[in-house]
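**Student:** Handing you this structure, nothing more for now.
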Ligand code: SAM
């Protein structure tokens, strides 16, 4: 294959199963002058498996800002460089953004070599709407910030996709039950393409039960897919409901306001309680 001189290739690699790599990716990695890998030791396994002997340097989140200009110089001198991360598509919650941005600004060819990414892999089997979705990556690790972020997403109608680690999967599902409600549908996609792959769907509370009571279910890497909110009323009605709640909250507690508003509008108490709570908190 012919490699373009002075081009930067962004190459997707497997997210588990070493066979999930394209012929073109192997060709590019075999023929570039340099591979910039997130962790050269980690990538050695993949590169060795395919007999790829190109020179490797490390490009990770801690050295990218400092190292990118040097890589740009090499590209401008006519060398071809491929970027890979530990798994999946570089830049998707992985290093590469600074380098790609600077390369494009310098007029360098940036060429995608597409392949696996956990977000798309999970969506492809989740059985939740994929017509419109948003990718949230990792939620903040601090509980307060995570809850705040989830509260902002509670009325999002597009399918939501999150990355999560084994350390926080249970806490995150718990926080999702609180923010989105017990009955919201979701999918926990674990260890995709690997030996212990599992894709579990159900309500968020059922998924939480499963993860909380099953040690194996808390092992590995996770993508959480959550169905978007289904509005029970149109935008005009939503404004009206907000107005009713705001008025009631002038005189009543959150609980009382939610109960009365539910009687007036016919919308579930639970949903209105959360809405009233958000309004009350935004007034503090
Ligand atoms: N660049 C990668 C991609 O394209 O998906 C993502 C890298 S990010 C640092 C790592 C996170 O992706 C993991 O913590 C997990 O949430 C998700 N992930 C990666 N591989 C996975 C897999 N095989 N199964 C489930 N989730 C995975």
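The values are calculated or read from the model by the stated rules, or taken from the named source; none is laboratory data. All values derive from a computational prediction rather than experimental measurement. Neighbour counts are summed over all protein chains in view; Cβ atoms, including those assigned to glycine, are modelled from backbone coordinates with ideal geometry.
**Student:** Does residue 215 count as surrounded by fewer than 20 Cβ atoms within 10 Å (Cβ to Cβ), assigned by TED's automatic domain parsing to the domain that holds residue 154, within 16 Å of the ligand (Cβ to nearest atom) and within 30 Å of residue 20 (Cβ to Cβ)?
**Tutor:** Judged against the criteria, residue 215 is not a match.
**Student:** Further question on the same structure: Could you please find all residues in the stretch 155-164 being more than 13 Å from the ligand (Cβ to nearest atom) and touching a strand residue (DSSP E or B) at 6+ places or on another chain (Cβ under 6 Å)?
**Tutor:** Answer for the stretch 155-164, where residues must be more than 13 Å from the ligand (Cβ to nearest atom) and touching a strand residue (DSSP E or B) at 6+ places or on another chain (Cβ under 6 Å): 158, 159, 160.
**Student:** If you take the residues of the stretch 165-203 that are surrounded by 20 or more Cβ atoms within 10 Å (Cβ to Cβ) and within 11 Å of the ligand (Cβ to nearest atom), which of them is farthest from residue 282 (Cα to Cα)?
**Tutor:** Taking the candidates together, the pick is 192.
**Student:** Can you confirm whether the stretch 143-154 contains a residue that is part of a loop (DSSP other than H, G, I, E, B) and either in contact with a helix residue (DSSP H, G or I) (Cβ under 6 Å, 6 or more places away or on another chain) or touching a residue at least 24 places away in the same chain (Cβ under 8 Å) (or both)?
**Tutor:** yes
**Student:** Still on this structure: If you go through the stretch 84-114 one residue at a time, how many are within 16 Å of the ligand (Cβ to nearest atom) and at positive phi?
**Tutor:** Of the residues in the stretch 84-114, 4 are within 16 Å of the ligand (Cβ to nearest atom) and at positive phi.
**Student:** Just give me the residues in the stretch 181-217 being part of a helix (DSSP H, G or I) and either out of contact with any strand residue (DSSP E or B) (no Cβ under 9 Å at 6 or more places or on another chain) or at pLDDT below 95 (or both), in sequence order.
**Tutor:** 205, 208, 212, 215, 216, 217
**Student:** On the given criteria, is residue 61 exposed (fewer than 14 other Cβ atoms within 10 Å of the Cβ), under 30 Å from residue 186 (Cβ atoms), more than 16 Å from the ligand (Cβ to nearest atom) and within 24 Å of the chain's Cα centre (by Cα)?
**Tutor:** It is false that residue 61 is exposed (fewer than 14 other Cβ atoms within 10 Å of the Cβ), under 30 Å from residue 186 (Cβ atoms), more than 16 Å from the ligand (Cβ to nearest atom) and within 24 Å of the chain's Cα centre (by Cα).
**Student:** Here's a follow-up. Is there a residue being in a helix (DSSP H, G or I) and at negative phi anywhere in the stretch 130-137?
**Tutor:** There is no residue in the stretch 130-137 that is in a helix (DSSP H, G or I) and at negative phi.
Yes or no, residue by residue, for (1) in contact with a helix residue (DSSP H, G or I) (Cβ under 7 Å, 6 or more places away or on another chain); (2) in a helix (DSSP H, G or I); (3) under 25 Å from residue 15 (Cα atoms):
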{"position": "53", "(1), (2), (3)": "no, no, yes"}
{"position": "61", "(1), (2), (3)": "no, no, yes"}
{"position": "70", "(1), (2), (3)": "no, yes, no"}
{"position": "74", "(1), (2), (3)": "no, yes, no"}
{"position": "79", "(1), (2), (3)": "no, no, no"}
{"position": "86", "(1), (2), (3)": "yes, no, yes"}
{"position": "92", "(1), (2), (3)": "yes, no, yes"}
{"position": "101", "(1), (2), (3)": "no, yes, yes"}
